[in-house]
Amino acid sequence: MEILRYFLILIIFLILIQVAFGNMIPVVENRSIVIAKVKAIVHKEFPFSEIVVEVVRSESVEGFKNFAKVGDIIPLYPLSLNANLENVDDFRKKVLYTCYFLKPGDLVKAEIEFVGDEAKRGWVIRDIERVIEVNEGLLKDVIYSFLKAKGFIKDKEELKYEVVKDGENYRVEIILDNKKLTIILDKSYVILNYF
């Protein structure tokens with residue numbers, strides 16, 4: 001009878017341990033490179049935020065499982081589920097600041113990972129950058145507005161130009177009344193130089 005009592009206590013103890021620690025199973029190692037559209041931003045104490053995105057494209061990272069699926073709407077946390085500034089280097093600060101200043105509608109390319117255990121889990125951003133969609137209408141508007149503001153053209157004047165991708169930048173060649181003007185813009189359509 002005594003042995004049965006000890007055996008029963010041992011079984012109960014093992015069940016309690018399993019309940020207490022059984023939920024602490026970590027997630028399988030995984031990483032994904034995604035292109036995602038920002039749907040919402042939740043600002044927390046600067047520079048922390050939470051980003052809700054819709055996955056537009058998902059690629060595997062070699063050696064890791066890919067848990068991100070096209071069409072998923074997921075919350076992303078920069079760096080960690082419980083990030084703090086004490087252990088943040090410059091690269092990680094860049095990730096925090098980029099995330100904090102995103103806007104709904106932005107397109108981003110990010111390396112993400114699903115982390116945690118049964119008690120607490122979520123998606124974490126390891127690296128992120130904004131993706132600028134090439135928009136011919138916006139580029140034309142930037143060029144036209146710049147030329148008008150600088151007095152190179154008059155209101156509603158026709159504009160002929162050629163755009164050449166030059167590394168990370170755009171080189172725009174414009175013909176104005178037998179003069180040639182060149183404008184250099186970065187990938188965000190910010191004018192870097194003109195001559």
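The values are calculated or read from the model by the stated rules, or taken from the named source; none is laboratory data. This is a predicted model, so every value here is computed, not measured. No Cβ is skipped: glycine too gets one built from the backbone with ideal geometry, and neighbour counts run over all protein chains shown. Areas reflect the complete protein model, heavy atoms only, side chains present, ligands, DNA and RNA absent. Shrake-Rupley method; radii C 1.70, N 1.55, O 1.52, S 1.80 Å.
Here are the numbers:
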| item | result |
| --- | --- |
| Across Lys44/Lys120; Lys39/Lys69; Lys103/Lys150, pairs whose alpha-carbon gap is larger than 26 Å | Lys103/Lys150 |
| Cut-off under 5 Å, modelled amide H: who pairs with Val61 long-range | Arg31, Ile33 |
| Portion, in percent, of the accessible area of the chain that falls on carbon or sulfur, probe 1.4 Å | 56 |
| Accessible area (Å², per residue) of the chain, counting only protein heavy atoms and a probe of 1.4 Å | 67 |
| Loop GluC sites (Glu not before Pro), region 65-153 (other Cβ atoms within 10 Å of the site Cβ: 10 or fewer; DSSP) | Glu133 |
| Angle in degrees between helix 2-22 and the longest Cα principal axis of the chain, rounded to the nearest 10 | 10 |
| Full-stretch length increase - Asn30, Lys93 - with 0.36 nm per residue and alpha-carbon distance subtracted | 20.4 nm |
| Calculated from backbone phi, Karplus (6.51, -1.76, 1.60) coupling profile of region 35-46 in Hz, x at Gly/Pro | 9, 9, 9, 6, 9, 7, 10, 10, 7, 10, 4, 3 |
| Positive minus negative residues near Glu62 (Lys, Arg vs Asp, Glu; Cβ under 13 Å) | -1 |
| Under-5 Å amide H pairs with Ile153, H placed in peptide plane, nonlocal only | Lys148 |
| Net charge dipole size for the chain [Lys, Arg +1 and Asp, Glu -1 on Cβ; Debye, nearest 20] | 420 |
| Cα long-axis angle, helix 90-100 against the chain (0 to 90 degrees, to the nearest 10) | 80 |
| Candidates Val61, Val34, Val124, ranked by Gaussian network fluctuation over the chain, Cα under 10 Å, top entry | Val61 |
| Cα Rg, Dmax, the chain, angstrom units | 26.3, 108 |
| Long-range tail of P(r) for region 53-104 (Cα pairs > 14 Å, %) | 65 |
| Solvent-accessible area of Asp90 with every protein chain in place, 1.4 Å probe, in Å² to the nearest 10 | 120 |
| Over region 138-194, volume per residue of the alpha carbon convex hull, in Å³ | 76 |
| Region 82-157: translational diffusion in µm²/s, Stokes-Einstein, Kirkwood Rh over Cα pairs, 4 °C, 1.567 mPa s | 80 |
| Dipole of the chain [Lys/Arg +1, Asp/Glu -1 at C-beta], most positive-end residue of Pro78, Ser60, Ile143 | Ile143 |
| Helix 136-149 axis, angle to the chain major axis (alpha carbon atoms, nearest 10°) | 50 |
| Under 22 Å from Lys156, Cα to Cα: lysines that are on another chain or at least 8 residues apart | Lys140, Lys148, Lys179, Lys180 |
| Computed [θ] at 222 nm, deg cm²/dmol, the chain (DSSP H ≥ 4; -39,500 (n - 2.57); rounded to nearest 500) | -8000 deg cm²/dmol |
| Computed accessible area, Phe114, all protein chains, 1.4 angstrom probe, square angstrom | 40 |
| Computed magnitude of the charge dipole of region 30-132 (debye, nearest 20; Cβ of K, R +1, Cβ of D, E -1) | 280 |
| Label-point separation, Arg5 to Arg171 (7 Å along Cα→Cβ), nm | 9.1 |
| Ellipsoid semi-axes in whole angstrom, largest first, where each is sqrt(5λ) of the Cα gyration tensor of region 30-132 | 19, 17, 13 |
| Charge dipole (debye, nearest 20) of region 138-194; +1 at Cβ of Lys and Arg, -1 at Cβ of Asp and Glu | 100 |
